[in-house]
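Read the structure below first, then the notes.
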Amino acid sequence: MSIIRYQFPSLFHITPSDRFSSLREDLNRLFDASLPSFSRESGWNPVLDVFQDQDNVLVQCELPGLKKEEIDLSLRDGVLTISGERKQDLANKDGEAFRCERYFGTFQRTVSLPTPVDSAQVKAVYQDGILTITLPKTEAAKPKQIEVNVS
Amino acid sequence: MNTLTKTAQNAAASGVRRVPFVKPLANVRETAEGYVLQAEMPGVNKSGLEVSIENGELSILGRRSDATPSGQLVYRESRAGDYQRTFELDPTIDGEKISAKMEQGILTLTLPKTERVKPRKIAITD
């Protein structure tokens, strides 16, 4: 299975009003020059776990601070895509930033599922900032017990 | 408001070996009225949250209420630990009036400044 690698939110996602902006900008320039992938635009890749048991594949994704309606889920050709956008709320616009570690913006995670699933029976629950998607396996994909008669 | 790094020292001093805490990502903003702190703690609800103030330090502890799903682990990125982080409080904050809200894994703390330090307009009398 292939999963797009998780990256930490950019460490240098700091607004210009930050107290140490000039120092941070210098550091940013230094990092941008040596590590092109470490840019401000690297985006948010929410943390994701995959479990499976006999009947289901379970995908859990940490998406704190969203609304249920802001999360998009799609399943196509055995590939589950979770996407959406976290918008800046009022609490993050007023005043002067002291500390700015949280990431805002669009995200997308893609999971190539380990077994075929029944797309009509997929359930998703969003609670305490964690999205849990239960994907029942198709009958053909479930492990089967074969009884052996010993004569 | 600075972040303190006392957690590691405390744990070492007590000699108790435990699952390391996850340091939640936080945003802190200052307005004329006070500070607003937001910390990301997915998996924590109101009942698992402890916010305390001691010796001018604000301590946040978030215990996860979500159980690890049963079944075989296929792929893991999350760090299943409880959350803890300590902030040094600005002395101008009124400790009595701090309010907390927990919503979809985001803790929002409103830390108002004392009336004494808030900017105020002074009316001029004739």
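The values are calculated or read from the model by the stated rules, or taken from the named source; none is laboratory data. Everything numeric here is computed off the predicted structure, so don't read it as measured data. No Cβ is skipped: glycine too gets one built from the backbone with ideal geometry, and neighbour counts run over all protein chains shown. Each accessible area value is taken on the protein alone, full model and side chains, heavy atoms only, with ligands, DNA and RNA left out. Shrake-Rupley method; radii C 1.70, N 1.55, O 1.52, S 1.80 Å.
Mind checking which residues of the range A:105-134 are without any contact (Cβ under 8 Å) to a residue 24 or more places away in the chain and of a type in the set (A, V, I, L, M, F, W, C)? Result: A:120, A:125. Annotation: of all residues in the range A:122-131 being surrounded by fewer than 17 Cβ atoms within 10 Å (Cβ to Cβ) and more than 11 Å from residue A:75 (Cβ to Cβ), the one that is nearest to the other protein chains (Cβ to nearest Cβ) is A:127.
Residue count for the range B:94-126 under the criterion of being modelled with pLDDT under 90 and aliphatic (A, V, I, L, M): the result is 4.
Residues that are within 7 Å of chain A (Cβ to nearest Cβ) and more than 21 Å from residue A:102 (Cα to Cα) number at least 2 in the following strands (runs of 3 or more DSSP E) confined to the range B:18-108: B:72-75. Yes or no: the range A:89-96 includes at least one residue that is in a strand (DSSP E or B) and at pLDDT below 90. Yes, because at least one residue in the range A:89-96 is in a strand (DSSP E or B) and at pLDDT below 90.
Among the residues of the range A:66-88, the one identified as more than 30 Å from residue A:137 (Cα to Cα) and either surrounded by 14 or more Cβ atoms within 10 Å (Cβ to Cβ) or touching a residue at least 24 places away in the same chain (Cβ under 8 Å) (or both) is A:86. Taken residue by residue, the range A:101-111 has at least one member that is at pLDDT 65 or above and open to solvent by 50 Å² or more (accessible area, probe 1.4 Å).
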